[in-house]
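K.L.:
Handing you a structure now.
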C-alpha cells in the first residue's frame, strides 16, 4: 500500500497538522508532547484468528481485529466492518477518527473500531451468524456498556449486532442491550438510527450554507456512494429543496443536471441490483465514479470508502465544497490541493457524526430503559450537530484555518484536557 494511501499514516499526519496550533494552549510542553505521542497509537489492540465450521463441514479461519484508541472522555465506541480489505492500520486509523469524532460532537465517548477480513457475500446466513457470534465471544471481556460499545459499519447491520449481543450476553451471563448500538428496534435499537448519518450530514450542510450565506434551495449536490448514508443524505437533501444531480455506487452511477428522483432511483436499484443496471434498464444517463467526482456542483458528498479524492484527482474537482460523509475520503495530499484551490472540505469527523450521536442516544435509552420517538431523536440531534459545526466555524474564522484543522484542533484539545485532568500525562 503506498504511504499516502495508508489510513493510519494519514490519521497521524492530520494530528501533526494541529500540533503547532495547540502547543501555545498548554503551559507544560512536555505534558503536551507526551499526550500527542499517546494519541499516535491505540490504547489497546486485540487480534485473533476466528475459526468457524462452514456449511460444507470444513473449517475456515478469519482474522479479527479490535482497536481501542483512547477512553479519556468515556467508553470506547465504534463500528465493526466485514470486508476483504480490512487491515490493522485501517482499523487503528478509524478508531483514532472515532475519538476525534466523539470529541467534535461533544459526546462522552472515546474511539474504537473493529473488523474481520472476510467477504461476507461468500458466506451463508448461517456461516455469517457463526462468525459474528465468534467475534463477540472473542471480545466479550474487553467490551460492554461501560467499556467499549461496538456498532455496525461496512457490510454489517442490525441483524449482525443482534447475533453479537446474544453471544455477548450468553458469555457474560447478563442482559446488556447497551453493549451494542445499531440494533434492531425489537432489541433496544433507536428510532432514527437508520437515517442518522445522512440526517446529521444534512444538518451540518445546512449550518455551513447559513454560515457562508448561501441559499439552500437549488443547491446542487453530487453523492458518491449510494448505500445507507448516501441514500438518506440524498433523499433528505432533496426534501429541503436541494438538487441532487448525480449518485453512484461501486458500479458507477446516474446523472441528471435537472435533478434526480432519489426515492425512484433507490427503488430501481433494489429492483435491478446496481446503478449501472439501472442506467441500462431505464436509459438514465450513466456516469463513472471518477466522472461523478468531477461534476460542476455546489457540494460533492463522497459517501463510500477511504481515499476517493487523492492528489491524482483533486485538481479536477469542480465542487465549491466537499462534505465528507465517508470516513477518510480525502487524502492529506488532496486536502492541501483543495485548500490551495479555496474549496472548503467539511471533514468526516463532523459531517458524519450524526451516526455516532444517535448511537449515543440509543445507548442512553438502553441504560435508562426508556425509549424516545423519532421526532425526539431528531430534535435532540439537530442542536448537537449544529452547535458542533458552529464551534468549529468560530475556530475557522478566528484562526483562519481549514474546517478540518479547526475540527481536529477542538477535538484533540478536548481529549488532551481529559487526559491531563485524569493524570494520564
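K.L.:
So which of 121, 77 is assigned to a strand (DSSP E or B) and either surrounded by fewer than 20 Cβ atoms within 10 Å (Cβ to Cβ) or touching a residue at least 12 places away in the same chain (Cβ under 8 Å) (or both)?
P.N.:
Working: 121 fails: assigned to a strand (DSSP E or B).
When all the criteria are applied, what remains is 77.
K.L.:
Also, quick follow-up: Quick test for you: out of 171, 113, 133, pick the one residue that is assigned to a strand (DSSP E or B) and either surrounded by fewer than 23 Cβ atoms within 10 Å (Cβ to Cβ) or free of Cβ contacts under 8 Å to residues at least 60 places away in the same chain (or both).
P.N.:
Only one candidate passes the filter, namely 113.
K.L.:
Of the numbered conditions (1) in contact with a helix residue (DSSP H, G or I) (Cβ under 9 Å, 6 or more places away or on another chain); (2) surrounded by fewer than 19 Cβ atoms within 10 Å (Cβ to Cβ), residue 142 fails exactly one; give the number of that condition.
P.N.:
(1)
K.L.:
Something else: For residue 259, indicate whether it is buried (at least 24 other Cβ atoms within 10 Å of the Cβ), in contact with a helix residue (DSSP H, G or I) (Cβ under 8 Å, 6 or more places away or on another chain) and under 19 Å from residue 297 (Cβ atoms).
P.N.:
Details: buried (at least 24 other Cβ atoms within 10 Å of the Cβ): no; in contact with a helix residue (DSSP H, G or I) (Cβ under 8 Å, 6 or more places away or on another chain): yes; under 19 Å from residue 297 (Cβ atoms): yes.
In short, no.
Each row is one residue, and each column tells you yes or no for (1) outside the structural domain of residue 87 (by TED's automatic domain parsing); (2) part of a helix (DSSP H, G or I); (3) closer than 25 Å to residue 424 by Cα.
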residue	(1), (2), (3)
8	yes, yes, yes
13	yes, yes, yes
18	yes, yes, yes
21	yes, yes, yes
26	yes, no, yes
32	yes, yes, yes
47	no, no, no
55	no, no, no
62	no, no, no
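K.L.:
Turning to a different aspect of this structure: Can you go through 178, 252, 230 and tell me which one is under 22 Å from the mean Cα position of the chain (by Cα) and surrounded by 24 or more Cβ atoms within 10 Å (Cβ to Cβ)?
P.N.:
Values: 178 fails: surrounded by 24 or more Cβ atoms within 10 Å (Cβ to Cβ); 252 fails: surrounded by 24 or more Cβ atoms within 10 Å (Cβ to Cβ).
From the options 178, 252, 230, the qualifying one is 230.
K.L.:
Looking only at segment 339-362, count every residue that is closer than 22 Å to residue 104 by Cα and part of a helix (DSSP H, G or I) and tell me the total. Write out each step before concluding.
P.N.:
Our first condition is that a residue be closer than 22 Å to residue 104 by Cα; within segment 339-362, this holds for 339, 343-362.
Remaining after also requiring part of a helix (DSSP H, G or I): 339, 348-351, 353-362.
Number satisfying all stated conditions: 15.
K.L.:
Please go through segment 203-213 and pick out each residue that is out of contact with any strand residue (DSSP E or B) (no Cβ under 9 Å at 6 or more places or on another chain) and in contact (Cβ under 8 Å) with a residue 24 or more places away in the chain.
P.N.:
Of everything in segment 203-213, those that are out of contact with any strand residue (DSSP E or B) (no Cβ under 9 Å at 6 or more places or on another chain) and in contact (Cβ under 8 Å) with a residue 24 or more places away in the chain turn out to be 203, 206, 207, 211.
K.L.:
Taking helices (runs of 4 or more DSSP H) that fall entirely within segment 238-306, which contain at least 3 residues that are in contact (Cβ under 8 Å) with a residue 40 or more places away in the chain, more than 22 Å from residue 209 (Cβ to Cβ) and not assigned by TED's automatic domain parsing to the domain that holds residue 212?
P.N.:
Helices (runs of 4 or more DSSP H) meeting the threshold: none at all.
K.L.:
If we scan segment 363-381, do we find a residue that is in the same structural domain as residue 255 (by TED's automatic domain parsing), farther than 24 Å from residue 113 by Cβ, assigned to a loop (DSSP other than H, G, I, E, B) and touching a helix residue (DSSP H, G or I) at 6+ places or on another chain (Cβ under 9 Å)?
P.N.:
No - not one qualifying residue is present in segment 363-381.
The values are calculated or read from the model by the stated rules, or taken from the named source; none is laboratory data. Only a predicted model underlies this, so the values are computations on that prediction, with no experimental measurement involved. Reconstructed Cβ throughout: ideal geometry from the backbone, glycine too, with neighbour counts over all protein chains shown.
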